[in-house]
Amino acid sequence: MTQDEMKQAVAIAAVEMIQPSLESSSIVGVGTGSTANFFIDELAKVKHLFDGAVASSEATAERLKSHGIPVYDLNGVNQLDFYIDGADEFNDKLQLIKGGGGALTREKIVAAVAKTFICIADETKQVELLGEFPLPVEVIPMARSHVARQLFKLDAQPVYREGVVTDNGNQVLDVHNLSIDAAVALEQKINNIVGVVTNGLFAERSADVVLMGTPNGVETLR
Ligand code: ABF
């Protein structure tokens, strides 16, 4: 099985998982990235079963609309039963690193609102210790150097993701050489640096379920 086939398998499994709960009034939270794109394409096949979606990025909004799925502003949505999104890494506590695609802040907001966060990822994203994948930190542009200096004090190596502007008009630092054993504490510490919008650790709000694609099929981790 190729990596893309595993991504498609978890996308199909995610639609199967949410389908029994979908109603004509349901709004689905949808993430960003190549695995999420497979999910969008599968979700479109059952679009008659729900009302619409909230998107975690402009790219996702465009893809949803291209399938004829209405996209709503989160502020107008009272209830979001599910958020489905990929990840760059996940551990056995279902804590994640996200934001390789630069959409971490909107992803974290939608995940915070959703009752159930279903993470879809192939087995290459599973790790014992988070941090091999550089941790993305979204920063207000004028604070970028200040935030970088504070991160150096944590013995981390922030690298400016040059040429990238987030959907919120901000910049991204990718923090290398982290070995994260206290993910909640680190998430809070980095978020407390003035000028940080948010970081890509999803530890305080981890996933509720990970659907992991393997060559032998999809495993459900809770
Ligand atoms: C989003 O897409 C991001 O949080 C994460 O960075 C990325 C994973 O991308 P892919 O599914 O393409 O590996 O979920």
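The values are calculated or read from the model by the stated rules, or taken from the named source; none is laboratory data. What you see is a predicted model, and the numbers here were worked out from it, not measured in a lab. In this analysis, Cβ positions are derived from the backbone assuming ideal geometry, glycine residues included, and neighbour counts consider all displayed protein chains. Only protein heavy atoms, including side chains, enter the accessible area calculation; ligands, DNA and RNA are left aside. Shrake-Rupley method; radii C 1.70, N 1.55, O 1.52, S 1.80 Å.
For Gly29, state whether it is at positive phi and either among the aromatic types (Phe, Trp, Tyr) or in contact with a helix residue (DSSP H, G or I) (Cβ under 9 Å, 6 or more places away or on another chain) (or both). In short, no. Out of curiosity, is Val137 away from the ligand (no atom under 12 Å from the Cβ), farther than 28 Å from Gly195 by Cβ and open to solvent by less than 50 Å² (accessible area, probe 1.4 Å)? So Val137 does not fit the description; no.
Here is a yes/no grid of residues against (1) at pLDDT below 95; (2) hydrophobic (A, V, I, L, M, F, W, C); (3) away from the ligand (no atom under 13 Å from the Cβ); (4) in contact with an Asp or Glu (Cβ under 7 Å, 6 or more places away or on another chain):
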| residue | (1), (2), (3), (4) |
| --- | --- |
| Gly29 | no, no, no, no |
| Val46 | no, yes, yes, no |
| Gly52 | no, no, yes, no |
| Leu64 | no, yes, yes, no |
| Gly68 | no, no, yes, no |
| Tyr72 | no, no, yes, no |
| Asn78 | yes, no, yes, no |
| Asp85 | no, no, no, yes |
| Leu104 | no, yes, no, yes |
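The residue of the range 5-19 that is nearest to the ligand (Cβ to nearest atom), among those that are open to solvent by 60 Å² or more (accessible area, probe 1.4 Å) and within 21 Å of Gly101 (Cβ to Cβ), is Gln8. When restricted to residues that are within 15 Å of the ligand (Cβ to nearest atom) and either closer than 22 Å to Gln8 by Cα or in a strand (DSSP E or B) (or both), the range 113-128 contains 11.
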